[in-house]
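Engineer: Questions regarding the structure given below will be posed in turn.
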Amino acid sequence: MVESQQIQIKKITQSRLPEVDMVNLEFGQTFSDHMYVADYANNEWQAPHIVPFGDFSLSPANPALHYGQALFEGLKAYKADNGDILIFRPEANLGRLNLSADRLCMPAYLEETFMEGLKELLRIDADWIPSAPGSSLYIRPFMFATGEFLGVKPSDTYKFAIITCPVNAYYSMPLRVKIEEQYARAVEGGFGYAKAAGNYAGSLYPAKKAAEEGYHQLLWTDGKTHEYFEESGTMNLMFVINDTLLTPALSTSILAGVTRDSILTLARDRGMKVEERKIAVAEVVEAAQNNTLQEAFGCGTAAVISQIATIGYRGNDLQLPPVESRKYSLAFAQELNDIRTGKTADKHGWIVKV
Ligand SMILES: *Cc1c(COP(=O)(O)O)cnc(C)c1O
């Protein structure tokens, strides 16, 4: 086993926690007292630090600002009823972070050091992990170039960091989504499978257009033909038709969600038929029209499952069955919640206890 690096710790003098209203948290607006930071220089990761949450200082010629050499991750930790701190599938997130890093010519981060560092950060900020039902600590690892030069080439230096946010149960209204046939989030051969910062900048404009038409989010289709579904906003997309769980097969233009993988696993566990394949827009529109489309939802770490109520297609709104009737996705949401909070046996080894 590779040894993890020694962490240097500098704690805050006074916690900001007493000033925080933990009952009314807006997602991504409140940050815990500490953050984890490590620098890459001289071809290796330097010893990490845990320090008070605070600003970075950057060169105006930082290549992440000019050319987007930057990536991120998202995962959650939960407080079990007995007070244990449980992290959901952190190895999967580190694996994906390193896949994204490879695509962006950035260095992989160190597994042992990451796991030890994340645990230490959560221990230090344990009081920031809410325990109300459905609440959690959202964990945001990220990495970006820190060089000082203009020119399109990989940087020699990088920063890896982890910040965390307490979040409440994510209640989202069943969504109105629009099938996007003009713009693309990602294309085959591009880097849609990487959680690269630039993918999200490019999705803002089409999402803004859809919002002007009264939709919460887009259903992305493939960039070449726009005939096949890819994702739902920044979530993976799933349908239930004929009691079969359908989701687009992974490709270079689809982000391999940890929630997606977890739901597919739970579906297979219960003997449900699962198909990962190309899913035509025409197939789903037809199923919605002849009432065989039972469920449609987005899935991702932040919201876990976001129900889709209405699908806008070429100026028409297709209404989907009421959310209360969606026995599969409601069951998956409950099962996932029970596993993540330690209420159900963790038979797939998804939980890392701090
Ligand atoms: C992060 C993300 C997802 C969901 O991934 P999870 O690991 O389940 O959170 C899906 N699609 C896109 C584009 C994403 O950025």
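Engineer: Restricted to region 250-283, and to residues that are within 23 Å of G223 (Cα to Cα) and in a helix (DSSP H, G or I), which residue is nearest to the ligand (Cβ to nearest atom)?
Structural biologist: R260
Condition check ((1) surrounded by fewer than 19 Cβ atoms within 10 Å (Cβ to Cβ); (2) more than 15 Å from the ligand (Cβ to nearest atom)) across all residues:
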{"position": "P166", "(1), (2)": "no, yes"}
{"position": "S172", "(1), (2)": "yes, no"}
{"position": "K178", "(1), (2)": "no, yes"}
{"position": "G189", "(1), (2)": "yes, yes"}
{"position": "A194", "(1), (2)": "no, no"}
{"position": "Y215", "(1), (2)": "no, yes"}
{"position": "L218", "(1), (2)": "no, no"}
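Engineer: While we're on this one: Scan region 289-322 residue by residue and report those that are of a type in the set (A, V, I, L, M), away from the ligand (no atom under 16 Å from the Cβ) and modelled with pLDDT under 95. Lay out the reasoning, then the answer.
Structural biologist: To start, the set of residues in region 289-322 that are of a type in the set (A, V, I, L, M) comprises 293, 296, 302-305, 308-309, 311, 318, 320.
Adding the requirement that they be away from the ligand (no atom under 16 Å from the Cβ) leaves 293, 309, 311, 318, 320.
Of everything in region 289-322, nothing turns out to be of a type in the set (A, V, I, L, M), away from the ligand (no atom under 16 Å from the Cβ) and modelled with pLDDT under 95.
Engineer: Quick one: count up the residues across region 326-344 that are closer than 15 Å to D261 by Cα and in contact with an Asp or Glu (Cβ under 7 Å, 6 or more places away or on another chain).
Structural biologist: Total meeting the criteria: 2.
Engineer: I'd like to check something: does region 323-344 contain any residue that is of a type in the set (D, E), assigned to a strand (DSSP E or B) and away from the ligand (no atom under 16 Å from the Cβ)?
Structural biologist: Going residue by residue through region 323-344, those that are of a type in the set (D, E) are 324, 335, 338.
Filter once more, keeping what is assigned to a strand (DSSP E or B): none.
The answer is no, given that none of the residues of region 323-344 is of a type in the set (D, E), assigned to a strand (DSSP E or B) and away from the ligand (no atom under 16 Å from the Cβ).
Engineer: A further question on this structure: Please go through region 165-203 and give me each residue that is in contact (Cβ under 8 Å) with a residue 40 or more places away in the chain and hydroxyl-bearing (S, T, Y), ordered by number.
Structural biologist: Those that are in contact (Cβ under 8 Å) with a residue 40 or more places away in the chain and hydroxyl-bearing (S, T, Y): Y170, S172, Y193.
Engineer: Under the condition of being of a type in the set (D, E, K, R), in contact with a strand residue (DSSP E or B) (Cβ under 7 Å, 6 or more places away or on another chain) and in contact (Cβ under 8 Å) with a residue 60 or more places away in the chain, which residue from region 295-354 is farthest from M115 (Cα to Cα)?
Structural biologist: D317
Engineer: Can you tell me which residues in region 189-231 are more than 22 Å from E286 (Cα to Cα) and of a type in the set (S, T, N, Q)?
Structural biologist: N199, S203
Engineer: While we're on this one: Can you spot a residue in region 138-148 that is over 30 Å from P60 (Cβ atoms), assigned by TED's automatic domain parsing to the domain that holds T301 and within 16 Å of the ligand (Cβ to nearest atom)?
Structural biologist: There is no residue in region 138-148 that is over 30 Å from P60 (Cβ atoms), assigned by TED's automatic domain parsing to the domain that holds T301 and within 16 Å of the ligand (Cβ to nearest atom).
Engineer: Residue under question is G134, and the condition is that it be in the same structural domain as P48 (by TED's automatic domain parsing) and closer than 29 Å to G214 by Cα; does it hold? It would help to see each step written out before you state the result.
Structural biologist: Working: in the same structural domain as P48 (by TED's automatic domain parsing): yes; closer than 29 Å to G214 by Cα: yes.
Judged against the criteria, G134 is a match.
Engineer: For region 151-161, state whether one or more residues are outside any loop (DSSP other than H, G, I, E, B), within 19 Å of F53 (Cα to Cα) and of a type outside the set (F, W, Y).
Structural biologist: yes
Engineer: Kindly check whether there is at least one residue in region 93-102 that is among the small types (G, A, S) and away from the ligand (no atom under 16 Å from the Cβ).
Structural biologist: No, region 93-102 contains no residue that is among the small types (G, A, S) and away from the ligand (no atom under 16 Å from the Cβ).
Engineer: Limited to region 1-46, what total is found for residues that are more than 24 Å from the chain's Cα centre (by Cα), exposed (fewer than 10 other Cβ atoms within 10 Å of the Cβ) and within 18 Å of S131 (Cα to Cα)?
Structural biologist: The qualifying residues number 3.
Engineer: Right, another one. Consider T113 carefully, then state whether it is in contact with a Ser or Thr (Cβ under 8 Å, 6 or more places away or on another chain) and crowded, with 20+ Cβ neighbours inside 10 Å.
Structural biologist: Considered against the rule, which asks whether it is in contact with a Ser or Thr (Cβ under 8 Å, 6 or more places away or on another chain) and crowded, with 20+ Cβ neighbours inside 10 Å, T113 comes out as yes.
Engineer: Which pairs do you get when a residue that is more than 25 Å from G189 (Cα to Cα) and touching a residue at least 40 places away in the same chain (Cβ under 8 Å), found in region 252-274, comes within reach of a residue that is assigned to a helix (DSSP H, G or I) and more than 13 Å from the ligand (Cβ to nearest atom), reach meaning Cβ atoms under 6 angstrom, with the pair 6+ apart or on two chains?
Structural biologist: L266/E335
Engineer: Also, quick follow-up: Looking at region 47-70, which of its residues are touching a Phe, Trp or Tyr at 6+ places or on another chain (Cβ under 7 Å), surrounded by 14 or more Cβ atoms within 10 Å (Cβ to Cβ) and in a loop (DSSP other than H, G, I, E, B)?
Structural biologist: P48, F53, Q69, listed by residue number.
The values are calculated or read from the model by the stated rules, or taken from the named source; none is laboratory data. What you are looking at is a predicted structure, and each value in this text was computed from that prediction instead of being measured. Virtual Cβ from ideal backbone geometry, glycine too; neighbours counted across all protein chains shown.
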